[in-house]
Amino acid sequence: MQFYSWLLLLALCFYLVSCAGPASESGSYSTKPIQINKIAVVPMLAGPGVQGAIPEERSRFLTSELYQELTNRIKGRTIVALGSSTDEFVELSKVNPELGYLNLAMEVGKNLNSDSVLIGKISTFMEREGGELGTSAPASVAFGVQLIDPRTGERFWEAYYAETQETLLQNVTKIGKFFKRKGRWVTANQLAKEGVIEVVDDLASFLGQQ
């Protein structure tokens, strides 16, 4: 009887997993045919919820992870070297301090002859309190990214990722991630890397339709 109870529990877990929504959400917004060949990545903004470290460090880390995953996963498009787009962004922000983030990103894209720019904002980046075997507060990460037209600022595509790690008892729909993480508490950096993979997977799917 106990054996069949475990089988029933496992079946329920996998059913719930199949019905569960992803940690990230995305959507496309362009209302006209587009052709994206060259993508520039600019430094992500770090919002007020980014705690536990200097916000600029979080921005550099997540922007770098995003760029690396793009170069690994996005095929058939040119990804502008991160050093080039970052230097251009920093220089423009010094020369034109009155420009907001979006306008700076658009100028970077135009100056580097890119037909799209990837921008983003980090809203939460909370480190866990404790170790991998036990924690009093889990890691929590949330960020959004958008692919925009540097000429008009129009959004071609966007994705948002948000997750606070939970125990299997708190949320059985996370059973896949529970086993992938070997039942341990991950760091904010590890959680952010998982989020980057999810959003880049979605971007790759979007670009594959273009």
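General observations
- Count of residues meeting criterion [crowded, with 16+ Cβ neighbours inside 10 Å and either in contact (Cβ under 8 Å) with a residue 60 or more places away in the chain or not in a helix (DSSP H, G or I) (or both)] in the range 78-112: 7
- Condition met for residue 91 (of a type in the set (Asp, Glu) and over 17 Å from the mean Cα position of the chain (by Cα)): yes
None of the figures in this text is laboratory data; all of them are computed from the coordinates on show. The shown structure was predicted, so the numbers you read here are calculated from the model rather than taken from an experiment. Note that each Cβ is placed from the backbone with ideal geometry, even for glycine, and that neighbours are counted across all protein chains shown.
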